[in-house]
Amino acid sequence: MGGKKKEVKEKPLEKMTSKELRGLAVDIPQIIGAHGMNKAELISEIKQARGIEETGGKKKSGTVRNIKKKIRELKAKRHHALEEKNEKMSAIYRKRISRLKKKTRRFA
């Protein structure tokens, strides 16, 4: 019959379960402590051992500390706008503060 063999393709690392990733990591001698790692750590270690460059994906726009600093500044501006009875600007600041608070929750 036909002598063609199907090539077995490996699943992308991101699609594998942590159990499968641990199995791969145990076979790689450079990786130590694979059983104590979570999925993200396993993926980065396996990529590093195989020499695959990690693409950062989305860039994070600052740390939680910087975002909270912006929130404090916006709260002061909102307070000032409320004192001047500028409701439009206070609503704008409130929305910006809310957006930044959501960002801090995503970081956590």
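Summing Lys and Arg as +1 and Asp and Glu as -1 over all other residues whose Cβ lies under 14 Å from the Cβ of Leu24 gives a net charge of +1.
When you count, for each residue, the other Cβ atoms within 10 Å and take the mean per peptide, how do 65-71, 43-49 rank with the highest first?
43-49, 65-71
Using helices alone, I'd like the mean residue ellipticity at 222 nm for the chain: each DSSP H run of four-plus residues gives -39500 (n - 2.57), total over residue count, nearest 500.
Numbers: 4 runs with 63 residues, N = 108.
Here the helix-only value at 222 nm equals -19500 deg cm²/dmol.
Quick one: net charge of Lys15's neighbours, Cβ under 12 Å, K/R +1, D/E -1? Taking every Cβ under 12 Å from that of Lys15, the sum is 0.
Dipole of the chain computed with +1 at Lys/Arg Cβ and -1 at Asp/Glu Cβ about the Cα centre; of Ile67, Leu24, Ala49, farthest Cα towards the positive end is Ile67.
Evaluated over the Cα positions of the chain, the convex hull gives a direction-averaged projected area, one quarter of its surface, of 12.0 nm². Taking Lys and Arg as +1 and Asp and Glu as -1, the other residues whose beta-carbon sits under 9 Å from that of Met37 total 0. In terms of distances greater than 26 angstrom between alpha carbons, the cross-link table entries Lys15/Lys69; Lys68/Lys88; Lys11/Lys102; Lys77/Lys102; Lys47/Lys103 yield Lys15/Lys69; Lys11/Lys102; Lys47/Lys103.
None of the figures in this text is laboratory data; all of them are computed from the coordinates on show. Quantities reported herein were computed from a predicted structural model and do not represent experimental measurements. Because the Cβ atoms are built from the backbone with ideal geometry, glycine has one as well, and the counts that use them run over all protein chains shown.
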